[in-house]
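Every read-out reported here was derived from the displayed coordinates using simple, explicitly stated rules and does not represent laboratory data. Predicted model only: the values in this text are computed from it and were never measured. Cβ: placed from backbone, ideal geometry, glycine included. Neighbour counts: every protein chain shown.
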Amino acid sequence: MDALYTAVATANGREGRAVSSDGQIDLPLGFPQALGGDGKGTNPEQLFAAGYAACFASAMGAIGRQEKIDVKDASVTAEVSIGKDGDGGFGLAVVMRVELPDHLQGEPGRELLEKTHAYCPYSKATRGNIPVELVIE
C-alpha cells in the first residue's frame, strides 16, 4: 500500500493520556464505570467507535457518489462493546446503526450498507476479527 496519510498518536495506558502528533487530540483516558473506573476521561472503545462511525459514514458517502445515491441525510452510530473472550482475554463487538432517509429504507438501504461495509477501511481491518452487525434505523 502507498500511504496517503499516516496518523500518529501516543497513549500511556487506560488511565493516562492520548495525544496525536499534531496536537489535535489531547485527551485524558480513564476506565469506564462499567469496568470499575471512575468514568473520568475517554477510553479506547469510545475512540474506536468515533473513528469507525466517521470512516463508515465517509465510505457511505463515497459509495453514494459512485452510485448516484443521495446519502446526505444519513448518520452513523457505532456501538463498540468490550467483553471477555473464550481465551481468557478481552474481545470487541460492533453494532453499526445507520439512520437512512425514507428513500433508502428496505432493500436499497441494505444493499448500500453491504457495499459500504465492503469498502470501509475500518470494516476491512476488522473483518474476520470482530463481529460487526449492520442495523438500519
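Counting Lys and Arg as +1 and Asp and Glu as -1 over every other residue whose Cβ lies under 10 Å from the Cβ of Phe31, the net charge comes to 0.
Computed from label points 7 Å out along Cα-Cβ, the spacing between Ser21 and Ala7 is 1.4 nm. Equivalent-ellipsoid semi-axes for the chain (Cα gyration tensor, √(5λ), whole Å, largest first): 29, 18, 15.
Taken one residue at a time, the phi angles of the stretch 47-63 give Karplus couplings (6.51, -1.76, 1.60, θ = phi - 60°) of 5, 5, 4, 5, x, 5, 4, 5, 5, 5, 4, 5, 5, 5, x, 5, 5 Hz. Gly and Pro are set to x. The alpha-carbon of Lys72 sits under 18 angstrom from the alpha-carbons of these lysines, leaving out residues fewer than 8 places away in its chain: Lys115.
In this simple spin-label approximation, Glu79 and Gln33 carry label points 7 Å from Cα along the Cα→Cβ vector, and these lie 1.9 nm apart. Roughly how far apart, in whole Å, are the Cα centres of the stretch 83-103 and the stretch 30-55? So the separation of the two Cα centres works out to 14 Å.
Which value, in Å to one decimal place, does the Kirkwood hydrodynamic radius take for the stretch 52-121 when every pair of different Cα atoms is included? About 13.1 Å for the stretch 52-121. Measuring nothing but how far apart in sequence close Cα pairs (under 8 Å, 6+ apart) lie, relative to its length, the stretch 1-42 scores a relative contact order of 25 percent. Between the amide H of Ala18 and those of Leu27, Leu29, distances stay under 5 Å, these residues lying 5 or more places away or on another chain, with hydrogens modeled in the peptide plane. When exposed loop sites are taken as trypsin sites (Lys or Arg not before Pro) in a DSSP loop with at most 13 other Cβ atoms within 10 Å, the longest stretch of the chain clear of them is 73-126. The value given for the stretch 14-55 is a Kirkwood hydrodynamic radius of 10.8 Å, derived from the mean inverse Cα-Cα separation. 3J(HN,Hα) along the stretch 115-127, derived from phi through the Karplus expression 6.51 cos²θ - 1.76 cosθ + 1.60 where θ = phi - 60°, amounts to 5, 5, 5, 6, 8, 4, x, 5, 4, 4, 5, 9, 3 Hz, with x in place of Gly and Pro.
With Cβ to Cβ distances under 15 Å as the rule, what net charge do the other residues near Leu92 carry (K, R +1; D, E -1)?
On the way: positive: Arg14, Lys84, Arg127; negative: Glu45, Glu79, Asp85, Asp87, Glu133.
Its environment carries a net charge of -2.
Which whole-number percent is the relative contact order of the stretch 64-137 (Cα, under 8 Å, 6+ apart)? RCO, the stretch 64-137: 33 percent.
How large is the helix-only mean residue ellipticity at 222 nm for the chain, computed as the sum of -39500 (n - 2.57) over DSSP H runs with n ≥ 4, divided by its residue count, in deg cm²/dmol to the nearest 500? Provide the component values of the computation, followed by the final result.
Working: 3 runs with 43 residues, N = 137.
Result for the chain: -10000 deg cm²/dmol, rounded to the nearest 500.
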